Each structure stands twice: as structure tokens, then as C-alpha cells.
Amino acid sequence: MGEFFRQPGFGSKAKSNSQKTSKMYDGQSIYQASSDIGTHIKKGDQFYLDGDHKNHLEIFDKRGNFKVVINLDGSINQAKTDKAIGRKLK
């Protein structure tokens, strides 16, 4: 996640507008948005960097319900979003 946060643009904006939680998913730390980040992450949403590919973020609402998968530039990854529908954070 550190490498993503160091990227100019979307990565650095995500870093400055989120905080790490004590939660983990699939070995990855979960972050919570402290304000809106781009167009797909809203204040209170939770997200983590995919542990297998490390090329996209999985976004969940504040209740842990899956929302969308986005690429590291902030664009929607529709194929991975379709596969992830129904996931929940515990």
C-alpha cells in the first residue's frame, strides 16, 4: 500500500484522505476514507489493496458491503467488480 500512496495524483490523495484501521482482509490492511477520494470512494468507505495482484483497490461501504473495484488510477475495473459482487468485510 505504501508504494500506491507514494504515487502522485490518486495515490497521494488517497493517503491524505484516509486512515489505517485495525482490520485486515486477506492479509491486507483496511483503510477508511476520512473524506471523499476521487469519484468512487466516499467518506466512511473502507478499502484495501488486492493482496494477490496488487493492481487494484476493493471498495466497501461503511457497513462492509462491497461497492466497486477500482484501478490504481481511480478508474473502475468492471471485470473485477463483476467478480466481486456479494463480498462483505467482516
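Please treat every number below as a calculation from the coordinates, not as lab data. Please read these numbers as outputs of a predicted model, since none were measured by experiment. Don't worry about glycine lacking a Cβ; one is built from the backbone with ideal geometry, like all the others, and counts go over all protein chains shown.
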Length gained when the stretch F4-N55 is fully extended (0.36 nm per residue, less Cα-Cα span): 17.4 nm
I'd like to compare 61-71, 80-90: which one has the highest average count of other Cβ atoms within 10 Å, and what's the full order after that? 61-71, 80-90
Taking the chain as a Gaussian network, where each spring joins two C-alpha atoms under 10 Å apart, which residue of A33, A79, A14 fluctuates the most? A79
Please report, for the Cα atoms of the stretch 2-84, the Rg to one decimal and the Dmax as a whole number; what are they, in angstrom? 11.3, 29
Residue-count net charge about K83 - beta-carbon cut-off 15 Å; Lys, Arg +1, Asp, Glu -1: -1
As a check on your grasp of the helix formula, calculate [θ] at 222 nm for the chain: sum -39500 (n - 2.57) over DSSP H runs of n ≥ 4, divide by the residue count, round to the nearest 500. -4500 deg cm²/dmol
Computed ³J(HN,Hα) along the stretch 83-90: with the Karplus parameters 6.51/-1.76/1.60, θ = phi - 60°, integer Hz and x for glycine or proline, the list is 6, 8, 4, x, 5, 9, 8, 9
Residue among L49, L72, L57 with the largest mean-square fluctuation in a Gaussian network model of the chain, springs linking Cα atoms under 10 Å: L72
Report the label-to-label distance for T39 and K62 in nanometres (one decimal), using points 7 Å from each Cα along the Cα→Cβ vector. 2.4 nm
